[in-house]
Amino acid sequence: MGLIQGFLSMMFGNGRNIIRETAEVFTENAEAGAQRARQVQSQAMQQFGAEFVVPRQGRFDQVMDGVNRLPRPALALGTLGLFVAAMIDPLWFAARMQGIALVPEPLWWLLGVIVSFYFGARHQLKAQSFQREVAATMARVPQVVENINTLERMRADSPGAADPGPDAQLNVAVLRSEENPALQDWKTARSA
């Protein structure tokens, strides 16, 4: 018994655990590792928070912070507004989209670069030939103008929207009423 007790006292005596200490040489103590990770995370969060503790100097800083928060909601709400406008007044919307068709391709790329850099993109994929695209856009101007004029003529409130034009037969057909047997039966039944 004394031999076992002596061995156990050598292994675990004096508040030591030789087996645990030997095992920790090869594997990390999970509890101690979690404690170290918590300390590292806590220190990193304190440092990160300290970087953003900047006292605002005045009204200008507050206004600029507000302006920096506007683009994302403005783009989202503006896009939803376009959908609503297309449903409420399709002709008005179509006329505006014809105007957008005149925007040259390089300008679309420039807008894409600005928006992508603002929202964190790191690169652009293609380069554009500016003169070729401007010439192609300018060639579409007469068609776009004609489309806008056609859309304006289609409005119900535009003068002459229901005008049959020089077609005499259509003009007579519009003025002359056709026989309507159901209407005649109704009038007869009503007068009786």
Exercise. Outside the structural domain of Val134 (by TED's automatic domain parsing), among the polar types (S, T, N, Q) and either closer than 30 Å to Thr150 by Cβ or without any contact (Cβ under 8 Å) to a residue 60 or more places away in the chain (or both): does that describe Gln98?
Worked result: no
Problem set entry | Among the candidates Leu75, Leu80, Leu70, Leu8, residue that is modelled with pLDDT of 90 or more, farther than 24 Å from Val144 by Cα and hydrophobic (A, V, I, L, M, F, W, C) | Leu80
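The values are calculated or read from the model by the stated rules, or taken from the named source; none is laboratory data. Here the structure is a predicted model, which means the values were calculated and not measured. Ideal geometry is used to build each Cβ from the backbone, glycine not excepted, and the neighbour counts take in all protein chains shown.
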